[in-house]
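Notes to accompany the following structure.
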Amino acid sequence: MAYSIVPGSLALSRSVLDRAADRRRDEEWLAKAWAAPDTQVALLIGDQLAVDESRTALRFVVPEEAPDGLRVFLGIDREAGAGRTAEGRAVFGVILPGEPDPSYGGLRELGGVLNDREAGIAVNLVGLANWHAINTHCSNCGTHTVVVDAGHVRDCPNCGMHHFPRSDPAIIVLVTDDQDRALLGRNENWPEGRYSTLAGFVEPGESLEAAVRREVLEETGVVVGPEVEYAGSQPWPMPQSLMLGFYAKATGFAIEVDDDEIVDARWFSREDLAAQIASSAVALPGNISISRRLIEGWYGEELPGSW
């Protein structure tokens, strides 16, 4: 297989901010960084980020204008010049309660239009917020946890257990057959015509390659052989996944969908896929999806249209 994802095309994998993990426990440094006039604060409500009027960039505020909420330290912008932090511009996020107004937007809208710096900030903040939302209590004893380490750890005051942010690994794969056709499937919850690559979570004690073979077999009955090649990864913080992309070669081509998650699956030639997209019979995932990039890597160029 000679397919590849175009470097830099994974919208949610872009990041230039130094996360500066060594500063998360330095309360004195964090206080100075919060007081610095050049510090930027991103705002989030639910999974929606504050954006500017153009809706192509995040709307930052200075710390003194930031409303009360759960404050998290996101990192240092080393290229912004030294401010009072003497290292560069600090960036924080504040996670707010309530419902977002129209001046907020989600990653599906923003992921493809934000620049590299802001895309990384947005994905990090949304991921942390989703983790905090579902980890308010200790999984060991049930006690309400306390936020520490500038928003990157939750400690249990009862049993002392430390809870760290997690990303659940999931594979996503474009499988080809002996005619170099691509296998795409349609989830039971999708409207007619929506197709994508196959995906699923990695199970305990399972390698990534084994997960690829198991998921494809379970969902479509197609047998994947020894050729499984890693293509790239993309965080998907909705709520907390890391999508690990692969290309794989099938050795058994008969399709028998599980009728549980997948209700239809087909082998598409490049000509067939292009024709069905042109006729609106098939729609592919949006441009922020690694699935879209896997398909285009196989196809050889960008494709029109999306969900």
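Quick notes on this one:
- Only a single criterion out of (1) in contact with a Ser or Thr (Cβ under 6 Å, 6 or more places away or on another chain); (2) open to solvent by 60 Å² or more (accessible area, probe 1.4 Å) is not satisfied by Gly225, namely (2).
- Count - residues of the range 105-116 that are of a type outside the set (Gly, Ala, Ser), open to solvent by less than 20 Å² (accessible area, probe 1.4 Å) and not in a helix (DSSP H, G or I): 1
- Screening the range 184-193 for residues that are within 23 Å of Gly297 (Cβ to Cβ) and either in contact with a strand residue (DSSP E or B) (Cβ under 6 Å, 6 or more places away or on another chain) or not polar (S, T, N, Q) (or both) and picking the one that is surrounded by the fewest Cβ atoms within 10 Å (Cβ to Cβ) gives Gly193.
- Of all residues in the range 198-217 being closer than 17 Å to Gln240 by Cα and not hydrophobic (A, V, I, L, M, F, W, C), the one that is surrounded by the most Cβ atoms within 10 Å (Cβ to Cβ): Gly200
- Qualifying positions in the range 137-150 - of a type in the set (S, T, N, Q) and open to solvent by less than 20 Å² (accessible area, probe 1.4 Å): Thr145
- No other residue among Ala248, Ala275, Ala254 is farther than 29 Å from Leu128 by Cα, crowded, with 16+ Cβ neighbours inside 10 Å, at pLDDT 95 or above and of a type in the set (A, V, I, L, M, F, W, C) apart from Ala248.
- Restricting the range 141-183 to residues that are touching a helix residue (DSSP H, G or I) at 6+ places or on another chain (Cβ under 7 Å) and of a type in the set (A, V, I, L, M) leaves a set whose member that is farthest from Glu229 (Cα to Cα) is Ala150.
- Search result, residues across the range 151-183 that are open to solvent by less than 20 Å² (accessible area, probe 1.4 Å) and on the phi > 0 side of the Ramachandran plot: Gly151
- Looking only at the range 257-272, and only at residues there that are open to solvent by less than 60 Å² (accessible area, probe 1.4 Å) and in a strand (DSSP E or B), the one that is nearest to Leu128 (Cα to Cα): Ile262
- Among residues of the range 148-160 that are closer than 20 Å to Leu74 by Cβ, those with a beta-carbon under 7 Å from a residue that is assigned to a helix (DSSP H, G or I) at least six positions away or on a different chain give the pairs Ala150/Leu30; Gly151/Leu128.
- Which listed residue is surrounded by fewer than 21 Cβ atoms within 10 Å (Cβ to Cβ) and in contact with a helix residue (DSSP H, G or I) (Cβ under 7 Å, 6 or more places away or on another chain), from Asp101, Asp18, Asp22, Asp26: Asp18
- Some residue of the range 117-131 being in contact (Cβ under 8 Å) with a residue 60 or more places away in the chain and surrounded by fewer than 16 Cβ atoms within 10 Å (Cβ to Cβ): no
The values are calculated or read from the model by the stated rules, or taken from the named source; none is laboratory data. Worth saying up front: this structure is predicted, and the values here are computed from it rather than measured. Cβ: placed from backbone, ideal geometry, glycine included. Neighbour counts: every protein chain shown. Just so you know, the surface numbers come from the protein's heavy atoms only, side chains and all, with ligands and any DNA or RNA stripped out. Shrake-Rupley method; radii C 1.70, N 1.55, O 1.52, S 1.80 Å.
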